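The values are calculated or read from the model by the stated rules, or taken from the named source; none is laboratory data. These numbers were taken from a predicted model, which means no experiment stands behind them. Here Cβ is always computed from backbone atoms with ideal geometry, including for glycine, and neighbour counts include all displayed protein chains. Remember, those area values only see protein heavy atoms, side chains included, never the ligands or the DNA or RNA. Shrake-Rupley method; radii C 1.70, N 1.55, O 1.52, S 1.80 Å.
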Amino acid sequence: MWADSHAHLSMGEDIDAVLAEARAAGVTRVVTIGTDAAESAAAVAIAAAHDDVWATVGLHPHDAKNGVDTIVGLLDAPKVVAVGECGLDYHYDHSPRAVQRAAFAAQIQLAHERSLALSIHTREAWDDTFAILEAEGAPERTVFHCFTGGEDEARRSLALGAYLSFSGVVTFKNADDVRGAARLCPLDRLVLETDSPFLTPVPLRGQRNAPGNIPLVGAGVSRTKGIDLEQVAAASWANTQALYELPESTPPL
């Protein structure tokens with residue numbers, strides 16, 4: 001069995017069909033992600049409609065200027081398992097950096113207050129990301145979503161007790177740093193994601209991504225670490241369960 005720890009189902013066109021294809025591929029757990037008030041509300045609604053889907057509620061750094069107060073009320077909805085994705089993105093700077101930092105710190109505190117997991121987005125902002133986590137205290141269940149750092153960033157993340165989430169990037173030709181991080185990451189700290197509809201893995205580059213492609217991400221990690229695919233599937237399934245405190249088994253559909 002496979003789990004997709006980070007997908008954007010609300011950005012898809014036919015959620016029922018996407019989930020049916022995922023189940024046919026052995027993907028029986030999907031966590032759909034909130035990035036602002038509207039996307040978080042959509043994630044909550046999708047999770048409510050599907051037994052094998054859970055939601056996060058968060059404010060992406062691009063949308064930090066909207067204010068964390070816009071998403072707080074959604075955190076108490078059923079099947080919300082994490083705050084995020086939240087963090088820092090200094091590549092695009094769609095929100096001012098100081099605003100991003102304040103929103104990230106506030107969402108870390110929300111995760112602490114509600115005993116929720118924390119899903120982190122960081123791009124070209126590693127030092128500030130670690131500084132804020134150290135100042136606020138990394139929640140016990142923290143994941144660096146779509147990990148794109150190298151071995152040094154992996155070591156710093158793991159030292160905080162965080163999980164590393166690997167996406168289709170691990171299959172990309174120019175992603176040697178990410179593969180180095182995957183080789184270094186202990187199996188009990190590794191989860192998989194599609195980040196769909198983005199970052200479609202090889203050999204499907206150019207097509208729209210979907211949770212049913214998680215086995216391709218797993219195959220990339222399997223090749224990189226030189227271990228059996230079944231080990232990657234079992235570890236990522238168990239770790240997604242632990243990270244998001246999901247039930248031990250998914251109800252029959």
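Which residue pairs have Cβ atoms under 8 Å apart, sit 6 or more places apart or on different chains, and have a first residue in the range 148-161 that is within 11 Å of PHE130 (Cβ to Cβ) and a second that is modelled with pLDDT of 95 or more and assigned to a loop (DSSP other than H, G, I, E, B)?
GLU153/PHE147; SER157/PHE147; SER157/GLY149; LEU160/ALA138
Which of (1) assigned to a helix (DSSP H, G or I); (2) in contact with a strand residue (DSSP E or B) (Cβ under 9 Å, 6 or more places away or on another chain) does VAL83 not meet, given it meets every other one?
Result: VAL83 passes all but (1).
Looking at ALA38, ALA48 in this structure, which one is open to solvent by 40 Å² or more (accessible area, probe 1.4 Å), under 23 Å from ASN239 (Cα atoms) and at pLDDT 95 or above?
ALA48
With the requirement that a residue be under 26 Å from PRO203 (Cα atoms), under 14 Å from the mean Cα position of the chain (by Cα) and open to solvent by 30 Å² or more (accessible area, probe 1.4 Å), what does the range 124-166 give you?
THR148
Inside the range 52-74, can you point out the residues that are within 19 Å of the chain's Cα centre (by Cα) and either assigned to a loop (DSSP other than H, G, I, E, B) or among the polar types (S, T, N, Q) (or both)?
Within the range 52-74, ASP52, THR56, GLY58, LEU59, HIS60, ILE71 qualify.
Within the set of pairs 6+ apart or on separate chains, which have a first residue in the range 87-111 that is open to solvent by 60 Å² or more (accessible area, probe 1.4 Å), a second that is of a type in the set (Ser, Thr, Tyr) and assigned to a loop (DSSP other than H, G, I, E, B), and C-beta atoms under 7 Å apart?
ARG97/TYR90
Quick check on my filter: what residues within the range 112-123 are among the small types (Gly, Ala, Ser) and either surrounded by fewer than 17 Cβ atoms within 10 Å (Cβ to Cβ) or without any contact (Cβ under 8 Å) to a residue 24 or more places away in the chain (or both)?
Within the range 112-123, just SER115 meets the criteria.
List the helices (runs of 4 or more DSSP H) inside the range 167-253, counting only whole elements, that have at least 2 residues being under 22 Å from THR56 (Cβ atoms), modelled with pLDDT of 95 or more and open to solvent by less than 40 Å² (accessible area, probe 1.4 Å).
Counting at least 2 such residues, we get 214-225, 229-244.
Looking at the range 52-72, can you tell me whether even one residue there is of a type in the set (Ser, Thr, Tyr), in contact with a helix residue (DSSP H, G or I) (Cβ under 9 Å, 6 or more places away or on another chain) and open to solvent by 30 Å² or more (accessible area, probe 1.4 Å)?
yes
MET1 is checked against (1) out of contact with any Phe, Trp or Tyr (no Cβ under 8 Å at 6 or more places or on another chain); (2) at pLDDT below 95; (3) open to solvent by 60 Å² or more (accessible area, probe 1.4 Å) and fails just one. What number does that condition carry?
(1)
In the list VAL31, VAL18, VAL80, which residue meets the criterion of being closer than 16 Å to LEU246 by Cβ and either in contact (Cβ under 8 Å) with a residue 40 or more places away in the chain or surrounded by fewer than 18 Cβ atoms within 10 Å (Cβ to Cβ) (or both)?
On inspection, the qualifying residue turns out to be VAL31.
With respect to HIS8, determine if the residue is modelled with pLDDT of 95 or more, under 19 Å from the mean Cα position of the chain (by Cα), open to solvent by less than 30 Å² (accessible area, probe 1.4 Å) and not aromatic (Phe, Trp, Tyr).
Yes; evaluated as a whole, the condition is true for this residue.
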